[in-house]
Amino acid sequence: MLSVRAAAAQVMAQILAAKGSLSSLLPPISAKVAENDRPLLQELCFGTCRFYPQLQAYTECLLDKPLRAKDGDVQALLLLGLYQLLHTRIPDHAAIGETVEVTRQIKKPWATNLVNGVLRSFQRDKSKIDDLLAENRAFNSNHPAWMEAMLSKCWPTQFDELIAANNQHPPFSLRLNTQKISRDNYLQLLRELDISAKATQHSPYGITLEQACDPRKLPHFTEGWLSVQDEAAQLSGELLELSPNLRVLDACSAPGGKTGHLLELEPNLEVTALDADERRLTRVRENLTRLGVTAEVLCGDGTKPNSWWDGELYDRILLDAPCSATGIIRRHPDIKVLRTPEELDKLGELQQQLLKNLWPLLKPGGILLYATCSIMPKENTRIIEAFLARNKDATCDQLDADWGLAQTCGRQLLPQLDRHDGFYYARLRKAN
């Protein structure tokens with residue numbers, strides 16, 4: 001068994017080296033940690049990523065010179081130690097002592113004095129370091145410098161609230177299958193169990209719990225009465241204007257949340273759930289089975305439809321495109337460590353390719369709903385504007401909604417404190 005801090009250091013060292021993400025690294029290493037330590041492992045890794053820009057700024061002030069690339073595990077220990085001192089209720093002596101001990105476990109005894117000295121210097125000199133960093137915008141926003149600059153430029157009026165929402169723990173929201181129970185009745189069921197919850201503001205299917213929990217312990221989860229899904233993501237179904245017997249393509253469907261919602265809203269659809277990653281399609285199948293709904297599940301690349309498409313046009317296409325995920329940073333805080341501005345350009349090229357290659361699969365008069373969990377205009381409005389300029393048979397609906405901000409094309413939701421995540425929607429119609 002690994003100690004919880006040694007395991008956390010392994011995870012963080014790989015993230016710092018861009019060799020994985022929290023979602024890919026935590027599950028396998030959790031199995032090597034005592035079961036009662038797993039919640040702390042998750043807290044240490046998620047929390048260190050959530051506050052990485054600030055923690056990294058502190059280490060740069062505290063170290064005489066940067067550590068070598070091969071000592072990423074020691075860098076990880078410094079970040080983990082600082083996180084414990086700043087953001088947990090672990091006693092300082094235990095946070096420092098247990099973190100220093102890991103240097104011996106990873107067979108780097110030379111780092112024992114370094115880690116101990118840096119953490120104790122931080123305890124002693126924090127106020128002085130805070131003064132030194134007072135004008136550091138990345139430190140103050142707790143976002144990478146490039147991201148802080150981009151967000152402040154794109155959303156100057158909403159910037160402070162946006163930053164605050166990104167830095168908080170995410171709300172725990174659920175989508176109810178109203179074919180099986182009404183929202184009011186399910187809220188009453190939760191009240192009877194002393195589980196605090198409230199209805200979401202914009203989605204008629206959503207509820208938000210006051211405290212996160214294992215959803216499998218909620219009433220009738222295994223029978224498909226509800227699914228874990230943020231309120232913003234729940235808005236896609238109604239935007240597609242569904243009716244019985246339509247042929248629908250969910251083009252980037254994993255893990256299947258939106259696919260399931262479409263079939264909850266309109267059971268008599270012919271749905272194809274497509275994704276390029278066969279491993280992630282396992283989750284799609286599991287979710288559809290739990291919900292008791294049926295779709296054709298296909299492994300295929302949306303940019304290469306000739307390899308999987310049967311030649312019959314679709315009435316509706318949902319394109320929840322791969323993106324920077326900057327609207328859900330609070331759910332995936334390793335984005336602050338891993339994402340680069342160059343990736344946004346590559347993602348923009350992929351988004352354009354998906355639109356270009358899926359548009360011919362849509363019937364005349366059909367709807368393609370473009371969605372991302374990004375808050376970057378270069379992945380959203382600019383992609384749609386460029387697409388419309390190239391495709392004269394496409395128009396973008398003006399979405400008359402009480403959520404989000406109207407854009408030149410579509411609407412943009414920004415993450416809200418204790419409410420929905422960031423999301424973008426544009427509804428495109430093909431001329432008859």
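The values are calculated or read from the model by the stated rules, or taken from the named source; none is laboratory data. Because the structure is predicted, anything quoted here is derived from the model rather than measured. Here the Cβ is made from the backbone with ideal geometry for all residues, glycine too, and neighbour counts use every protein chain on show. These area figures cover heavy atoms from the full protein model, side chains too; ligands, DNA and RNA do not enter into them. Shrake-Rupley method; radii C 1.70, N 1.55, O 1.52, S 1.80 Å.
Taking (1) assigned to a strand (DSSP E or B); (2) free of Cβ contacts under 8 Å to residues at least 24 places away in the same chain in turn, residue 366 satisfies each apart from (2). A single member of 334, 393 is modelled with pLDDT of 95 or more, over 19 Å from residue 420 (Cα atoms) and surrounded by 22 or more Cβ atoms within 10 Å (Cβ to Cβ), and it is 334.
Residues are listed down the side, and each one gets a yes or a no for (1) under 25 Å from residue 23 (Cα atoms); (2) among the charged types (D, E, K, R); (3) surrounded by fewer than 17 Cβ atoms within 10 Å (Cβ to Cβ):
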position: 46; (1), (2), (3): yes, no, no
position: 49; (1), (2), (3): yes, no, no
position: 52; (1), (2), (3): yes, no, no
position: 67; (1), (2), (3): no, no, yes
position: 72; (1), (2), (3): yes, no, no
position: 88; (1), (2), (3): yes, no, yes
position: 100; (1), (2), (3): no, no, no
position: 103; (1), (2), (3): no, no, no
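One residue is enough: does region 375-388 have a residue meeting the conditions open to solvent by less than 10 Å² (accessible area, probe 1.4 Å) and among the aromatic types (Phe, Trp, Tyr)? Yes, because at least one residue in region 375-388 is open to solvent by less than 10 Å² (accessible area, probe 1.4 Å) and among the aromatic types (Phe, Trp, Tyr).
Set side by side, the residues 223, 286, 264 differ, and just one is surrounded by 16 or more Cβ atoms within 10 Å (Cβ to Cβ), charged (D, E, K, R) and more than 26 Å from residue 353 (Cα to Cα), which is 264. Residue 412 meets the conditions (1) within 19 Å of residue 317 (Cα to Cα); (2) in contact (Cβ under 8 Å) with a residue 24 or more places away in the chain in every case but one. The failed one is (1). Of all residues in region 314-334, those being assigned to a loop (DSSP other than H, G, I, E, B) and more than 17 Å from residue 415 (Cβ to Cβ) number 2. Has region 408-431 got at least one residue that is closer than 19 Å to residue 232 by Cβ and loosely packed, with under 15 Cβ neighbours inside 10 Å? Yes. With respect to the conditions (1) crowded, with 22+ Cβ neighbours inside 10 Å; (2) more than 14 Å from the chain's Cα centre (by Cα), residue 357 falls short on a single one, namely (1).
Screening residue 142 on (1) over 20 Å from the mean Cα position of the chain (by Cα); (2) farther than 26 Å from residue 427 by Cα; (3) open to solvent by less than 20 Å² (accessible area, probe 1.4 Å); (4) of a type in the set (S, T, N, Q) shows it passes everything except condition (1). Considering only region 269-283, state which residues are of a type outside the set (Gly, Ala, Ser) and surrounded by 15 or more Cβ atoms within 10 Å (Cβ to Cβ). Hits for region 269-283 are 269, 270, 271, 272, 274, 275, 280, 281, 283. Answer with yes or no whether residue 334 is within 30 Å of residue 212 (Cα to Cα) and of a type in the set (D, E, K, R). Criteria met by residue 334.
Listed by first and then second residue, the pairs linking a residue in region 1-28 that is farther than 21 Å from residue 56 by Cα to a residue that is among the small types (Gly, Ala, Ser), with Cβ atoms under 6 Å apart and 6 or more places separating them unless they lie on different chains, are 1/34. For residue 150, only one of the following conditions fails: (1) surrounded by fewer than 16 Cβ atoms within 10 Å (Cβ to Cβ); (2) under 19 Å from residue 340 (Cα atoms); (3) among the hydrophobic types (A, V, I, L, M, F, W, C). What is its number? Only one criterion is unmet by residue 150, namely (1). Do we find a residue being in contact with a Cys (Cβ under 8 Å, 6 or more places away or on another chain), open to solvent by less than 30 Å² (accessible area, probe 1.4 Å) and over 24 Å from residue 137 (Cα atoms) anywhere in region 32-39? Looking for residues that are in contact with a Cys (Cβ under 8 Å, 6 or more places away or on another chain), open to solvent by less than 30 Å² (accessible area, probe 1.4 Å) and over 24 Å from residue 137 (Cα atoms), one finds none in region 32-39, hence no. Hey, among the residues in region 71-124 that are in a helix (DSSP H, G or I) and of a type in the set (Lys, Arg), which one's farthest from residue 15 (Cα to Cα)? Among residues in region 71-124 that are in a helix (DSSP H, G or I) and of a type in the set (Lys, Arg), the one farthest from residue 15 (Cα to Cα) is 124.
Please tell me if residue 59 is of a type outside the set (Asp, Glu), within 22 Å of residue 25 (Cβ to Cβ), in contact with a Leu (Cβ under 8 Å, 6 or more places away or on another chain) and surrounded by 20 or more Cβ atoms within 10 Å (Cβ to Cβ). No, not satisfied.
For region 169-201, the tally of residues that are open to solvent by 30 Å² or more (accessible area, probe 1.4 Å), closer than 30 Å to residue 87 by Cα and in contact (Cβ under 8 Å) with a residue 40 or more places away in the chain stands at 3. Would you be able to say whether some residue in region 2-11 is of a type in the set (Ser, Thr, Tyr) and either crowded, with 20+ Cβ neighbours inside 10 Å or assigned to a helix (DSSP H, G or I) (or both)? Scanning region 2-11 turns up no residue that is of a type in the set (Ser, Thr, Tyr) and either crowded, with 20+ Cβ neighbours inside 10 Å or assigned to a helix (DSSP H, G or I) (or both).
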